[in-house]
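Chemist: Before I ask anything, let me first share the structure, which is written out below as C-alpha coordinates.
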Amino acid sequence: IDDQGRVVGEGDFDAQAAQAFANLKKVLEAGGSSMKKIVKVNIYLTDMGNFPKIVALRAKHFSKPYPADTIVEVRGLALRELMIEIEAIALVDGEVVD
(Lines give C-alpha, C1' and ligand atoms only; values in the text may rest on other atoms or scores of the structure.)
Protein backbone atom coordinates (compact mmCIF):
# COMPACT_ATOMS: atom_id res chain seq x y z
CA ILE A 1 0.00 0.00 0.00
CA ASP A 2 1.44 3.40 -0.94
CA ASP A 3 1.51 6.63 1.09
CA GLN A 4 -1.98 7.52 -0.17
CA GLY A 5 -3.43 4.16 0.94
CA ARG A 6 -3.69 2.71 -2.57
CA VAL A 7 -2.82 -0.89 -3.39
CA VAL A 8 0.40 -1.02 -5.43
CA GLY A 9 0.89 -3.55 -8.21
CA GLU A 10 -2.35 -5.51 -8.11
CA GLY A 11 -1.42 -8.98 -9.39
CA ASP A 12 2.30 -8.06 -9.46
CA PHE A 13 4.17 -9.74 -6.60
CA ASP A 14 7.47 -8.00 -7.37
CA ALA A 15 5.89 -4.53 -7.20
CA GLN A 16 4.06 -5.35 -3.99
CA ALA A 17 7.17 -6.84 -2.38
CA ALA A 18 9.23 -3.76 -3.31
CA GLN A 19 6.57 -1.50 -1.78
CA ALA A 20 6.32 -3.66 1.36
CA PHE A 21 10.08 -3.48 1.97
CA ALA A 22 10.08 0.29 1.26
CA ASN A 23 7.22 0.76 3.73
CA LEU A 24 9.03 -1.32 6.35
CA LYS A 25 12.18 0.79 5.95
CA LYS A 26 10.19 4.01 6.23
CA VAL A 27 8.36 2.91 9.40
CA LEU A 28 11.56 1.71 11.07
CA GLU A 29 13.36 4.97 10.33
CA ALA A 30 10.40 7.00 11.60
CA GLY A 31 10.63 5.03 14.84
CA GLY A 32 14.37 5.64 15.22
CA SER A 33 15.50 2.24 13.95
CA SER A 34 16.66 0.74 10.66
CA MET A 35 16.61 -2.39 8.52
CA LYS A 36 19.97 -3.35 10.07
CA LYS A 37 18.39 -3.48 13.52
CA ILE A 38 15.64 -5.98 12.71
CA VAL A 39 15.92 -9.05 14.93
CA LYS A 40 12.79 -10.94 13.82
CA VAL A 41 10.61 -10.77 10.74
CA ASN A 42 7.37 -12.51 9.81
CA ILE A 43 6.52 -12.58 6.12
CA TYR A 44 3.05 -13.63 5.00
CA LEU A 45 2.55 -14.73 1.39
CA THR A 46 -0.63 -15.66 -0.40
CA ASP A 47 1.39 -17.92 -2.71
CA MET A 48 4.39 -19.90 -1.45
CA GLY A 49 5.48 -20.11 -5.10
CA ASN A 50 7.03 -16.68 -4.40
CA PHE A 51 9.30 -18.14 -1.70
CA PRO A 52 12.46 -18.04 -3.91
CA LYS A 53 11.84 -14.34 -4.52
CA ILE A 54 11.59 -13.74 -0.78
CA VAL A 55 14.92 -15.50 -0.21
CA ALA A 56 16.52 -13.14 -2.75
CA LEU A 57 14.81 -10.10 -1.22
CA ARG A 58 16.02 -11.05 2.26
CA ALA A 59 19.60 -11.06 0.96
CA LYS A 60 19.02 -7.68 -0.72
CA HIS A 61 17.32 -5.88 2.19
CA PHE A 62 18.78 -7.51 5.32
CA SER A 63 22.39 -7.85 6.35
CA LYS A 64 24.27 -10.48 8.31
CA PRO A 65 23.52 -11.65 10.83
CA TYR A 66 20.15 -12.08 9.14
CA PRO A 67 17.13 -11.62 11.39
CA ALA A 68 15.25 -14.68 12.54
CA ASP A 69 12.31 -15.19 10.25
CA THR A 70 9.04 -16.94 9.76
CA ILE A 71 7.66 -17.16 6.24
CA VAL A 72 4.19 -18.63 5.85
CA GLU A 73 1.50 -18.94 3.23
CA VAL A 74 -1.87 -17.54 4.20
CA ARG A 75 -5.23 -17.80 2.51
CA GLY A 76 -5.68 -14.04 2.39
CA LEU A 77 -4.52 -10.72 3.80
CA ALA A 78 -6.38 -7.56 4.89
CA LEU A 79 -7.29 -6.72 1.29
CA ARG A 80 -7.89 -9.38 -1.36
CA GLU A 81 -5.45 -7.67 -3.75
CA LEU A 82 -2.52 -7.99 -1.34
CA MET A 83 0.00 -10.78 -1.95
CA ILE A 84 2.56 -10.02 0.80
CA GLU A 85 2.69 -8.60 4.30
CA ILE A 86 5.79 -8.04 6.42
CA GLU A 87 5.90 -7.68 10.19
CA ALA A 88 9.17 -6.95 12.00
CA ILE A 89 10.64 -6.53 15.46
CA ALA A 90 13.64 -4.22 15.56
CA LEU A 91 15.91 -2.60 18.10
CA VAL A 92 15.81 1.13 18.61
CA ASP A 93 18.73 1.39 21.03
CA GLY A 94 21.76 -0.86 20.88
CA GLU A 95 23.22 -2.82 18.01
CA VAL A 96 22.71 -6.30 16.62
CA VAL A 97 25.71 -8.46 17.54
CA ASP A 98 27.45 -10.48 14.80
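The values are calculated or read from the model by the stated rules, or taken from the named source; none is laboratory data. Quick caveat: nothing in here was measured; it's all calculated off a predicted structure. We place every Cβ from the backbone using ideal geometry, glycine too, and count neighbours over all the protein chains shown. Ligands, DNA and RNA are stripped out before the accessible areas are found, and what is left, the full protein with its side chains, is counted by its heavy atoms. Shrake-Rupley method; radii C 1.70, N 1.55, O 1.52, S 1.80 Å.
Chemist: For the structure I just gave you, tell me whether Ala68 is touching a residue at least 24 places away in the same chain (Cβ under 8 Å), in contact with a Ser or Thr (Cβ under 6 Å, 6 or more places away or on another chain) and not polar (S, T, N, Q).
Modeler: No.
Chemist: Given Val72, Val96, which one is β-branched (Val, Ile, Thr) and surrounded by 13 or more Cβ atoms within 10 Å (Cβ to Cβ)?
Modeler: When all the criteria are applied, what remains is Val96.
Chemist: May I pose another question? Which residues, taken from segment 10-55, are touching a Pro at 6+ places or on another chain (Cβ under 8 Å) and either under 11 Å from Ile86 (Cα atoms) or charged (D, E, K, R) (or both)?
Modeler: Listed by number, the residues that qualify are Lys40, Val41.
Chemist: Just give me the residues in segment 29-39 being of a type in the set (Gly, Ala, Ser) and open to solvent by 30 Å² or more (accessible area, probe 1.4 Å), in sequence order.
Modeler: If the condition is that a residue be of a type in the set (Gly, Ala, Ser) and open to solvent by 30 Å² or more (accessible area, probe 1.4 Å), then Ala30, Gly31, Gly32, Ser34 are the ones that fit.
Chemist: Please go through segment 38-59 and give me each residue that is modelled with pLDDT of 95 or more and among the basic types (Lys, Arg), ordered by number.
Modeler: Listed by number, the residues that qualify are Lys40, Lys53.
Chemist: Here is a further query. Go through (1) modelled with pLDDT of 95 or more; (2) assigned to a loop (DSSP other than H, G, I, E, B); (3) among the acidic types (Asp, Glu) and name the single condition Asp93 misses.
Modeler: So Asp93 meets the others, but not (1).
Residues are listed down the side, and each one gets a yes or a no for (1) in contact with an Asp or Glu (Cβ under 7 Å, 6 or more places away or on another chain); (2) hydrophobic (A, V, I, L, M, F, W, C); (3) surrounded by 17 or more Cβ atoms within 10 Å (Cβ to Cβ); (4) modelled with pLDDT of 95 or more:
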| position | (1), (2), (3), (4) |
| --- | --- |
| Gln16 | no, no, yes, yes |
| Asn23 | no, no, no, yes |
| Val27 | no, yes, no, yes |
| His61 | no, no, yes, yes |
| Leu79 | no, yes, no, yes |
| Ala88 | no, yes, yes, yes |
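Chemist: Let me ask something additional. Here are the criteria: (1) in contact with a helix residue (DSSP H, G or I) (Cβ under 8 Å, 6 or more places away or on another chain); (2) open to solvent by less than 50 Å² (accessible area, probe 1.4 Å). Tell me which single one Asn42 does not satisfy.
Modeler: (1)
Chemist: Out of all the residues in segment 1-56, which are in a helix (DSSP H, G or I), without any contact (Cβ under 8 Å) to a residue 12 or more places away in the chain, among the aliphatic types (A, V, I, L, M) and farther than 11 Å from Ala88 by Cα?
Modeler: Ala15, Ala18, Ala22, Ala30, Val55, Ala56
Chemist: Return the residues of segment 57-74 that are of a type in the set (A, V, I, L, M) and either part of a strand (DSSP E or B) or closer than 21 Å to Asp3 by Cα (or both); say none if nothing qualifies.
Modeler: If the condition is that a residue be of a type in the set (A, V, I, L, M) and either part of a strand (DSSP E or B) or closer than 21 Å to Asp3 by Cα (or both), then Ala68, Ile71, Val72 are the ones that fit.
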